[in-house]
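Below you'll find the structure, written out as structure tokens, and then a few comments.
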Amino acid sequence: MQEQEQAFKERENILQQQHEQQQTILQQQYEGICQEVVHTAVSQQSDAVTGLQSLLREREGELSGVREVLKKIQSSQQETAQQHDVQLAELHKQFEFILEQAMRATHVAVILRTRTGPAYEEESMKTDYPDVRNEYGTS
């Protein structure tokens, strides 16, 4: 899972870098076209604006593709995190069950040890048979 997350992050970083590079190129082209517009005739300005708009539409299409890939990566990461949370919760439940069983077994072992010890048998005899006298004649 960590390898997948790492791969997703690397892919996301690469896509982000590509996005930034494309934005830089687009900005440079935009500035270049703007400079041309300032120095050209009115008819040429119209052509430059049209070229800029088509270039922007083209780049926007590429950027929307990058955005879609980023969204898919993020949703995949969220699904992976949710699956991890579910698995962690299941492991926690199993741990609690095992701990509860161990505590019960320990409790039973303590009870058995105290009930089978010689001190318990002697006390038990006194409570079960109070009129039986010990070797000195006292109960």
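Bear in mind that the values in this text are calculations on the coordinates, not laboratory data. None of the values given here were measured: they were computed from a predicted structure.
Just to check I understand the Karplus step: with θ = phi - 60° and J = 6.51 cos²θ - 1.76 cosθ + 1.60, what whole-Hz values come out for segment 99-107, glycine and proline as x?
4, 4, 5, 5, 5, 5, 4, 5, 4
Just to check I understand the Karplus step: with θ = phi - 60° and J = 6.51 cos²θ - 1.76 cosθ + 1.60, what whole-Hz values come out for segment 80-90, glycine and proline as x?
Those phi angles translate into 4, 5, 5, 4, 4, 4, 5, 5, 5, 5, 5 Hz.
Per-residue HN-Hα couplings for segment 58-63, Karplus 6.51 cos²θ - 1.76 cosθ + 1.60 at θ = phi - 60°, whole Hz, x for Gly and Pro?
For segment 58-63, the Karplus-derived couplings read 4, 5, 5, x, 5, 5 Hz, x marking Gly and Pro.
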